Amino acid sequence: MPELDPIFATRTTTRLLDALRDSSNEPVWSQIDARYRPVIRGLARRIGVPEGEADDVAQQSLAEFVRCFRDGRYDRTKGRLSSWILSIAHHTSLAAIRRRRRDAGPGVGGADDVDPADPASAERALRSVWNEERDRVILHHAMATLHDEGSMDERTLLAFELSALRGVPATEAASQCQMTVEQLYVARSRVTRRLRVMVREMTSAFEEDA
Amino acid sequence: MSAEAPGQTGDEPGSPCLGAEMIDRLALGREPSGIIAEHLLACASCRAALHVAQEDAEFAQRARQLVGEELGPVGAPRLPGYVVQRVVSAGSQGVVYRAVQESTHRNVAVKCFEPGESGTSGATRQRARAEREVEILARLRHSNVVGIYESRVLADGRLVVIMEYVDGVPLDQWTPPGQNAGEKRRALLRAFVSICQGVHHAHLNGVIHRDLKPQNILIAAESSGSGAVPVRPVVVDFGIARLTSVSTTMTGDFAGTPAYASPEQAAGSHDAIDALTDVYSLGVVLYRMLAGKMPYELTGSILDIARKIAEEPAIPLRQRDASIARDIEAIVDRAMRKQKERRYQSAAALGRDIERYLDGQPVEARAESAAYVLRRTLMVNRGRVALAALAFLALLVGGGVVYSSLSSAEASRRLAAERQAQARLESARARAVTEVLREAIPAPDPSLPQLKLLVSAGFGRLFYRLEFNAFADDPEVDQQVRRIWGGIYTSFGGEKAAALIEYSEVSLRNGLVRLRLTHGREHPEIAETLHQLASVLLVRRRYAEAERVARKAMEMRLRLIGPGATFEESRLLLAKVLMASKRPQEAADLAREALKALAALPENESDRLIASMSVLRARVLLDELGRDVPLGTVAEVSDQSQVCEGLLRVALTRRLRSLPIRDSETLASIAAAAEFASLRPESELSKLLGQVWGSEAGGVADAVARDVAMVRGTDDGPHEESAPTGRTAVFQKMLKLQELLLGPDDPAIVNTLLTIMRAAEREFMLTPRWTASLRAADVLAREYGANDLSVLTALTQAVPPMLFDGEAERAAEVAARACRIHASIPDESRDELLAGNSERVLAWALAVSGKHVEASERYQAAIDRLTRCVGEHHHTTALAQAQLAVTLTELGQVREGEALARRALRTVDELGVSALDQVGHVRFAVAHAMLKKLPPEGPERRAALDEARELLTPSAETYARVCGLRYPWYRLMLDDLIMVATLSGRDADVVRWRAVRGQE
């Protein structure tokens, strides 16, 4: 089986966190960064942080995470790592939104939908947004890995992309891929199955907590 | 069945199984017809296939939900003319696809950026900005920068950039070719030179990378007919950091991989980010690639890391890997200096220094201290740095007059003190000027007559950069560069290319518009720019406009800054405009007022202004005095004459002590003084000039005019192959004038002595060259102490011309003095290369004096030192070996001498050393040894004689130009040639070389 995408090369979160204690370990930092930055960024945008500031929120959240982690403030017994990062990202996003409101005056905002009128449902909604952003990142990485591993030819991958992801009608997609409709279905099915396995593996690596 | 092996579509039980298309439709929710439903009930394999297909469909639907937005509603990015094939990478900045351009069938990379908040004005602005950025990126055309072809905005607002597809591996995953570590390292350095060139190209176009790291540098293989596999390094994601607003606003932190960030990025000083930020990151990348580790121990929080980058020194490269050459360590160290002004001032300069290392030449990184110390020694204490003088010194440094490296504790202390003293303004200006001059002077040994041509080329480039927003990141620098540009240009005098002066005006006017948008109607920067604009208008002879602008600048300065040197500068400009407008009296009045005000200012602030005002007033008086019928009584005219003389003397004195002798203003003052002398031959000033020029034909005024014209004129023409003659003598006369006016020990004469050295070198005049060097050493010793580094530099430069001039014994004394200065420097601060070189020079002087035993020991010490410091494969080591070989031969150790000389010859051949006198020495060393042990008569002997002749002939021709018969080793060379010709039976050669040797 080919190796996973580099950002999931350190298989489990446990091992990633252990390695992170050694702060000279630059690849680990890169992995944490690659894993969580796009998810935090997506979350921030979804809860109302403007496009231009979402990167800042991701940067601040990651900086805060590393700072707290190295200060020993993460207790694995009290919750999953992703929940902890999510909560940092959430607070950082809300702070950014409040700052923006304050700077821009009344009428500018967002984040009302996640204000804790009903804390439990707000938390569920937040978790759902987080999961969706996580899945999006994972899917992108899985697709890139599939391309890189070279086990499927270009036409097969294109068939999947066109018909499964881009919704191009089968006959048109088949024509673009220079294959028959039947071949297109076979190709799409092969890629889908492989991707499903990869996504499952990556999600498990992403979410595995000690 | 399975979807991978579909049967034919069937509508009846018992008929062939369902086809993949039908199963797909059913999986997507289509209701099966009765027949199909019956078939499914009956066929387990079709049911299984449908189950899998339903799971697939669910997955695909989820995938479409997740990434469909990025891919567009119907399979975006739909780019007419391109077939998008696959995702190359996906990250926070967007998704990169590989695509094929249909018209050309070339592969392209399509980078699709995340959309902004659609429909908002912010998104529109952001998109507009991104489009402008892409426009700038698209201007980059360099084989080492990824090419941007075009950008498009999709219907959903996303920006798509279509660029060159690079099929390569990131730098940190690349294994450079080579049989051993040394070869691999050289291959890496060669690739790095290309990377620097690519980055520099982008900088010239105003694009800063901001996130240089090995992952952003791809190494692509290039096909070629040869066996070797050439590579093409390509820097990707140029300007993308800015394009996507990745840079953070969080104080103290930074985006991307922090390890490659510069101190200014780490400190969160976003305003300070410029091309030198990339130079720093290049240094870190090179460090990482050479050492395999980062330059800092990156422990602690991100804030700790930022602090380390900003404050702590990097771990020395050779501490990581002792096999890395010191020169390379120095290069990386210089690229990674914390203070930007102490880094290489461009990525190209970094690349050039690596090239120098690869070519076996001395690297600038190690020469920096000497050049810097000397430059500062000569310039700083005279207050304002004259731009023309800076250009001159840059030529000296580039030309190799000051090439030795010095780094002592004293130098460090001085550098530190000067750094503190240097105003920020000056450093920004100096940086920009240095950079443009470096670009303008491509040759390692440029000839002085090319100066204007080269600097003009530099102006052209600078104009281009200014107008394409190269400095847009830093408006202050942008303005300063604009003004420097206008300033240098207008200060050059003489004829100016119309196109260039137009550039100057356009550039300043554009700058003015920007400044007004930023600062409103009045601001010191606006006043400064108006002042420059008036200067340009004056040169363009649009006097009425120039007057209006000059007055505006002057009034604004008075209002905003108050009286002082800056205001007087404006008043001087206005006076010049009035002079040019044929209103001399108004100009003189203005100058008189200005001179009164300037008298109250400190000398270093007022020197040049007073000189200029004085000349201007003197000019008016001279015109009156020169009329056939004086306007006034005898007494009045006599008064005028005295005033004029006084003014001219003041102007001359002040200019000669604050400007180089060749500066156009200095020359104009000398010319004005000569004009006065011709009108008033009985005056003191006339007598003063007479002491210098009195004995020349045509009288003082004519002689001065001739000399001034010669020094001015030689600066203009195209490249001259033959050396101009006569300029050394002119500069010597000007030195005498300077001594009469300032006294013999004034440090300002050092500048003139350097000018004489340079001119004499070009004219192959030995005595003026070394006497000027020694004189400079004396003046510098009095001014800065006997062991000052500047003294050492001047002494070392005196030795070779002394030896060539037949002054071997005195040269040995001078070289010994230089060695003693070295010995006074503590070991840890001593520069081994320079120390080794001084020892070599001393040994050479001893050898030429005939003290071969003593010389041999000195040479050995020099070679040991040089080998430790730069290795055996270095041109200085090779030269020392060759010179030792001559000494060994003279001592009768012929076999050892020949072996050593041949080793040196191999080195200079491999390095491609081009300095003729050095190559000449090495060739002579080989031939000289060979001839002492010729084989017996036969083919071997004939071959040896042929080889000796081939080695000696070009060497002798070189030395005939460089030194002549006073150099004992040249005489030895000729004796060897006569011997070769005699033994080979080449009678014509015997006659030829005997004639050269002075034998009948």
Considering the range B:50-60 alone, what residues qualify as being facing another protein chain (nearest Cβ under 9 Å), without any contact (Cβ under 8 Å) to a residue 24 or more places away in the chain and either surrounded by 15 or more Cβ atoms within 10 Å (Cβ to Cβ) or under 18 Å from residue A:128 (Cβ atoms) (or both)? B:59, B:60
Applying the selection to the range B:331-346, what residues are part of a helix (DSSP H, G or I) and at pLDDT 90 or above? B:331, B:332, B:333, B:334, B:335
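For every residue, the table says whether it meets (1) among the hydrophobic types (A, V, I, L, M, F, W, C); (2) in a helix (DSSP H, G or I); (3) crowded, with 16+ Cβ neighbours inside 10 Å; (4) modelled with pLDDT under 95.
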residue: B:853; (1), (2), (3), (4): yes, yes, no, yes
residue: B:895; (1), (2), (3), (4): no, yes, no, yes
residue: B:903; (1), (2), (3), (4): no, yes, yes, yes
residue: B:908; (1), (2), (3), (4): yes, yes, yes, yes
residue: B:919; (1), (2), (3), (4): yes, yes, yes, yes
Just to check your reading of the model, which residue among B:109, B:128, B:155 is within 14 Å of another protein chain (Cβ to nearest Cβ) and modelled with pLDDT under 80? B:128
Name every residue in the range B:945-967 that is buried (at least 16 other Cβ atoms within 10 Å of the Cβ) and not small (Gly, Ala, Ser), in order of residue number. B:945, B:949, B:951, B:952, B:953, B:958, B:959, B:962, B:963, B:967
Could you say whether any residue in the range A:137-160 is under 17 Å from residue B:59 (Cα atoms) and surrounded by fewer than 18 Cβ atoms within 10 Å (Cβ to Cβ)? no
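Under the condition of being part of a helix (DSSP H, G or I) and within 11 Å of chain B (Cβ to nearest Cβ), which residue from the range A:65-84 is farthest from the chain's Cα centre (by Cα)?
So, considering only residues that are part of a helix (DSSP H, G or I) and within 11 Å of chain B (Cβ to nearest Cβ), the one farthest from the chain's Cα centre (by Cα) is A:70.
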Quick check on my filter: what residues within the range B:645-666 are surrounded by fewer than 22 Cβ atoms within 10 Å (Cβ to Cβ) and of a type in the set (A, V, I, L, M)? B:650
Given the conditions (1) buried (at least 22 other Cβ atoms within 10 Å of the Cβ); (2) more than 11 Å from every other protein chain (Cβ to nearest Cβ), and given that residue A:122 satisfies all but one, which numbered condition is not satisfied? (1)
Determine the pairs where a residue that is of a type in the set (S, T, N, Q), located within the range B:202-215, has a partner that is at pLDDT 80 or above with Cβ atoms under 6 Å apart, the partner being 6 or more residues away or on another chain. B:215/B:170
Where residues in the range B:294-325 are touching a helix residue (DSSP H, G or I) at 6+ places or on another chain (Cβ under 6 Å) and away from chain A (no Cβ under 14 Å), which of them is surrounded by the fewest Cβ atoms within 10 Å (Cβ to Cβ)? B:321
Count, please, the residues in the range A:152-166 that happen to be at the interface with another protein chain (Cβ under 7 Å from one of its Cβ atoms), among the hydrophobic types (A, V, I, L, M, F, W, C) and over 21 Å from the mean Cα position of the chain (by Cα). 3
Matching entry among A:146, A:162, A:157 (being in contact with a strand residue (DSSP E or B) (Cβ under 6 Å, 6 or more places away or on another chain) and closer than 21 Å to residue B:97 by Cα): A:157
Limited to the range A:55-64, what total is found for residues that are farther than 14 Å from residue A:34 by Cα and either more than 8 Å from chain B (Cβ to nearest Cβ) or modelled with pLDDT under 85 (or both)? 2
Give the range A:175-185 a look and list any residue that's crowded, with 22+ Cβ neighbours inside 10 Å and more than 9 Å from chain B (Cβ to nearest Cβ), or say none. A:177
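Is it the case, given these coordinates, that residue B:849 is touching a residue at least 12 places away in the same chain (Cβ under 8 Å), buried (at least 18 other Cβ atoms within 10 Å of the Cβ) and not acidic (Asp, Glu)?
Yes, satisfied.
The values are calculated or read from the model by the stated rules, or taken from the named source; none is laboratory data. A quick note: this is a predicted structure, and the numbers were derived from the prediction, not measured. Cβ sites come from the backbone with ideal geometry, for glycine too, and all protein chains shown count toward neighbours.
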